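To keep things clear, I will list the structure first and then write my remarks on it.
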Amino acid sequence: MTRHHRVRRPFSLALLLVAVTALAVPARPANAATYPYQDPTLPVATRVADLLARMTLDEKIGQMTQAERGSVTAADLTTYRLGSILSGGGSAPSPNTATSWADMYDGFQRGALATPLAIPMIYGVDAVHGHNNVVGATIFPHNIGLGATRDPALVQQIGQAVAEEVSGTGVDWDFAPCLCVARDDRWGRTYESFGETPDLPSDMTTLITGLQGPSLGGPTSVLATAKHYLGDGGTAGGDDQGDTRLTEAELRTVHLPPFQAAVQRGVGSVMISYSSWNGVKMHGNRYLITTVLKGELGFTGFVVSDWNGIDQIDGAAGFTAAEVTAAVNAGIDMVMVPAAWKTFISTLRAEVQNGHVPLSRIDDANRRILTKKFELGLFERPYTDRSWTPTVGSVSHRALARQAVRESQVLLKNTGSVLPLARADNKIFVAGRNADNIGNQSGGWTISWQGSSGNITPGTTILQGIRAAVGPTTTVTYNQRGTGIDGSYRAAIAVVGETPYAEGQGDRTGSMSLDREDLRTIATLRNAGVPVIVVLVSGRPMDIATELPRWDALLASWLPGTEGAGVADVLFGAAPTGKLPMTWMNSVSQQPINAGDGQVPLFAQGYGLTY
Ligand code: GLC
């Protein structure tokens with residue numbers, strides 16, 4: 001690596017100049033000697049300026065490059081000066097334990113610190129409802145359930161708990177919260193939304209404070225990410241990564257407020273949406289990223305692209321030099337190039353050297369990234385603080401999650417006050433494929449990207465919660481399809497709904513009704529002549545209006561996560577307090593249906609019964 005500038009003068013003057021230069025021109029740390037950027041007593045801006053002055057172009061481009069853990073080695077971080085690593089959904093070390101995550105993190109960090117300037121890397125994950133890539137972590141309700149709680153203080157506590165578990169694995173950056181305003185429930189990411197109106201995601205930006213702390217740099221401070229900027233939840237037809245066709249006024253009214261709230265809370269990063277606004281891909285939208293987000297809103301953190309998001313700017317596969325330039329000049333500071341990171345580095349270098357990307361833009365991106373790394377304390381504490389590792393899946397975190405499950409339950413029907421159920425002297429039949437299935441009750445982004453059915457991580461199923469809630473004089477019988485029920489039972493609970501999905505794979509283009517298996521199960525229970533309580537485990541409202549008259553009770557449980565006992569708490573007496581975060585359709589033909597649009601819903605946003 002060479003310094004930036006060399007000067008030629010007559011010999012006598014040269015000696016004098018060398019002496020002066022040795023003092024002024026920043027040298028490179030030959031050893032662990034303290035340079036201004038390594039001095040934590042100095043202001044961050046001073047440290048950033050000193051470090052930036054020592055960096056080569058390649059080191060600056062490396063800081064703007066984020067690669068996926070499966071595509072790099074620790075040695076690559078050293079050789080290519082990479083500034084960030086991520087785990088894509090479900091990308092985990094083996095064995096998938098908190099300790100091996102911490103060992104993995106520290107291994108990559110050693111690679112980053114072996115560079116001449118020893119700039120620590122920052123590691124990002126999607127801990128979107130707990131540290132959900134890690135087996136054994138506490139899995140909290142997905143955002144749609146947290147929106148139903150209407151409890152921002154609880155959500156802040158959840159952020160703090162997630163930050164402790166994430167910190168215990170070394171990771172220092174969470175691609176959360178999603179502040180999407182989901183306007184069409186057919187969207188596969190509806191469950192990542194706190195609600196269909198901007199007030200709810202805005203209120204729940206308390207998650208940012210929970211994750212980051214009142215300011216960055218605390219012992220469990222994790223950089224939060226407001227995502228996906230801008231309008232991801234407003235695409236036509238709920239088409240994931242589709243086109244949001246709104247006037248600027250509508251875009252600002254519906255989708256911008258949560259990001260304003262996030263910026264006001266000091267969110268450290270913002271992730272750009274795959275979607276387009278009126279046909280223009282967000283990843284190339286300089287007006288919204290630089291003029292509005294960084295200028296008008298005053299966002300001083302850094303902007304990260306989504307997974308291969310820059311590839312989509314021109315609509316063709318892969319990325320071109322023009323797309324790299326468009327994205328970086330639009331204001332993207334760090335580019336998530338999971339596998340093609342070497343090509344990205346060489347392409348961006350060439351685009352700077354040919355003048356298409358000004359060095360001032362590179363320096364601005366680096367200042368933003370380095371500022372957050374200094375503020376996080378990464379230069380002083382680059383390795384995992386293992387004192388937090390035991391918090392992963394801890395009793396106290398699970399208790400908090402159970403409280404969140406309780407508060408997220410929305411009671412939509414309760415004919416004859418069939419709920420709450422008596423714990424003693426009762427006879428209850430439980431059915432449904434979501435009754436005894438941790439994977440189904442957790443939904444997408446759990447252990448794997450798409451999530452999956454089955455016993456995928458430690459937790460309590462809804463059935464286990466029911467069994468634990470009743471006394472010795474009560475019988476609980478379970479059969480997934482309802483086989484064996486008869487008139488001797490006092491009540492039947494059908495736990496039905498959706499099975500896990502994430503992103504576009506969850507988009508609904510046809511029916512939003514329960515499937516045949518669920519409908520058959522409910523019919524089997526109903527035909528036995530006992531009251532039927534439907535517990536809907538789903539990532540969104542479903543089209544159930546025609547079935548509802550035959551149900552005695554309906555509880556929307558959303559995607560509760562590992563602590564299914566929170567659902568049983570409500571079934572057996574905890575008064576439900578949840579309120580709908582989304583308008584509930586009368587029919588899928590109404591989609592998109594939202595508060596104030598003049599359509600007549602089955603249940604309005606804000607609806608919820610209690611005992
Ligand atoms: C995904 C998602 C985004 C996530 C990123 C990294 O495609 O769109 O929410 O943070 O990639 O996993």
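A short reminder: the numbers here are calculations on the coordinates, not readings from a lab. What you are looking at is a predicted structure, and each value in this text was computed from that prediction instead of being measured. Heads up, the Cβs are rebuilt from the backbone with ideal geometry, glycines too, and the neighbour counts pull from every protein chain shown.
Pairwise Cα separations in the range 400-590 fall into 10 Å bins from 0 onward with the following percentages, short to long: 10, 39, 39, 11, 1. Among the listed pairs 294/342; 373/579; 342/372; 372/579, those whose Cα-Cα separation exceeds 30 Å are 373/579; 372/579.
As a length-normalised measure over Cα pairs under 8 Å and 6 or more apart, the relative contact order of the chain settles at 16 percent.
Treating each Cα of the range 262-407 as one equal point scatterer and applying the Debye formula with no solvent, the log10 of I(q)/I(0) at q = 0.13, 0.22 Å⁻¹ comes out as -0.71, -1.32. Only Cα pairs under 8 Å and 6+ residues apart enter the sum, and on that basis the relative contact order of the range 400-590 stands at 36 percent. The value given for the range 44-389 is a Kirkwood hydrodynamic radius of 19.8 Å, derived from the mean inverse Cα-Cα separation.
State the Kirkwood hydrodynamic radius of the range 307-380 in Å, one decimal place, computed from all pairs of distinct Cα atoms.
For the range 307-380, inverting the mean 1/r across all distinct Cα pairs yields 13.0 Å.
Going by neighbour counts of Cβ atoms within 10 Å, the residues 520, 402 line up, fewest first, as 520, 402. Ordered by the count of other Cβ atoms within 10 Å of each Cβ, fewest first, 457, 149, 610, 41 give 41, 610, 457, 149. When only alpha carbons are used to place a centre, the range 296-338 and the range 586-611 end up 37 Å from one another.
Helices in the chain, meaning DSSP H runs of at least 4 residues, each add -39500 (n - 2.57). Divided by all residues, the mean residue ellipticity at 222 nm is -9000 deg cm²/dmol. Note on the range 545-611: Kirkwood hydrodynamic radius from all Cα pairs is 13.6 Å, rounded to one decimal. By the gyration tensor of its Cα atoms, with a ≥ b ≥ c the square roots of the eigenvalues, what is the shape of the range 163-285: rounded for a/c under 1.5, prolate for a/b over b/c, or oblate? The shape class here is prolate. Quick check on the chain: take the gyration tensor over C-alpha atoms, sort the square-rooted eigenvalues as a ≥ b ≥ c, and tell me if it's rounded (a/c under 1.5), prolate or oblate. Prolate shape, in that a/c is at least 1.5 and a/b is the bigger ratio.
In terms of other Cβ atoms within 10 Å, 391, 73 run from fewest to most in the order 73, 391.
Please figure out what share of the DSSP beta bridges in the range 400-590 is antiparallel and state it in percent, rounded to the nearest 5.
That works out to approximately 20 percent antiparallel.
In the chain, the DSSP beta bridges split such that about 20 percent are antiparallel, to the nearest 5.
Phi angles across the range 272-285 convert, under the Karplus curve 6.51 cos²θ - 1.76 cosθ + 1.60 with θ = phi - 60°, into 3J(HN,Hα) values of 7, 7, 5, 5, 10, 10, 6, x, 9, 4, 4, 5, x, 8 Hz, Gly and Pro given as x.
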